[in-house]
Amino acid sequence: MGIHKNAPLTPAGREILVRRVVDEGQTPMAVATAMGVCVSTVRKWVGRYHAEGLPGLQDRSSRPHRTPTRSPEHLAEQIAALRRQRWTGTQIAMTVGLSKATVFRILGRLGMNRLKALEPAEPVRRYERASPGEMIHIDIKKLGKFTRVGHRITGDRRGQSTQRSDKKGPGWEYVHVCIDDASRVAFTQILPDEKRESAIAFLEAALDYYKGLGITVQRVMTDNGGCYKSFAFRDACEQLGLKHIRTKPYTPKTNGKAERFIQTALREWAYAQAYENSDHRADEMPIWLHRYNWHRPHGSLKAQTPISRLGLSDDNVMRLHI
């Protein structure tokens, strides 16, 4: 039970109150004056202490012992049975002859006021491709450019929204990200927009990057952004020999590995320190990405680094690890 911020007594304070009366022999009036409560409150807690001991000083529910006007249980069972058939509250009210307010109150008490509560929660579905290159996930994160330390550090937002709405601000930049489903090896580029030309250029750059690591990409998964739905992107995937898979609309968890990588990048790179400007932030991206792929333990890989899943030989490690 939550304690009100101005409550004069808590369970610990009640014990002090009782001890002063019972053990120290102070009068209820003196204790009430010292602790800022009325005399009847002092007598109430002393009486509970004598009847129940220290457990009697704990908070207890304010719910009444009897509720004569409460709807009968058989009506609640009937309402619950109809709700399991996915009837609306209005339909149930018309059938059982109660007001909608009463029906919804009963449904709330039963935890059935929302239809989704009637179905068990969908289990978490995790999947992972067997080998690197079977599928890569691609996504885009829009970041605001800046010319001074940002509001996330200083807390000062004055003038920022006005500048952007008037198109007088520094503008935006777009972080295109790609992550391999099996190994979690990632690749990123900061591009000026999220149009189809940039998406295609990033895809080609990502394939070259993975090729340098000995990975041949077979599939690419994206969301339903305009650049990925374009005919140009479709044709580029066909020319590159890739199978293009798009996620179910409004279901970002399907592309969860890319979404999670973006959150990690924001926390550990984009908002990790006070950059002087967005160019400084962009310069730090390759440094952080190298650390992510080669040195940072990954939780889903049993604390191993993404690059460890490629099985590179010592010669390749020396050649690639700069």
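The values are calculated or read from the model by the stated rules, or taken from the named source; none is laboratory data. What you see is a predicted model, and the numbers here were worked out from it, not measured in a lab. Cβ sites come from the backbone with ideal geometry, for glycine too, and all protein chains shown count toward neighbours.
Quick look at the values:
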item: Restricting the range 56-111 to residues that are assigned to a helix (DSSP H, G or I) and charged (D, E, K, R), the residue that is farthest from Ala7 (Cα to Cα); result: Arg84
item: Matching entry among Tyr250, Tyr292 (being on the phi > 0 side of the Ramachandran plot and of a type in the set (Ser, Thr, Tyr)); result: Tyr250
item: Qualifying positions in the range 112-138 - assigned to a loop (DSSP other than H, G, I, E, B) and loosely packed, with under 11 Cβ neighbours inside 10 Å; result: Arg114, Glu119, Pro120, Ala121, Glu122, Pro123, Val124, Arg125, Arg126, Tyr127, Ala130
item: First in the range 126-147 and at pLDDT 90 or above, second anywhere and assigned to a loop (DSSP other than H, G, I, E, B) and charged (D, E, K, R), Cβ under 7 Å, 6 or more apart; result: Glu134/Asp181; Met135/Arg129; Met135/Asp181; Ile136/Asp181; His137/Asp181; Asp139/Asp223; Ile140/Glu194
item: Test: residue in the range 262-278 that is touching a helix residue (DSSP H, G or I) at 6+ places or on another chain (Cβ under 7 Å), loosely packed, with under 14 Cβ neighbours inside 10 Å and over 30 Å from Thr147 (Cβ atoms); result: no
item: Hey, Tyr228 crowded, with 18+ Cβ neighbours inside 10 Å, touching a helix residue (DSSP H, G or I) at 6+ places or on another chain (Cβ under 7 Å) and under 21 Å from Asp180 (Cβ atoms) or not; result: yes
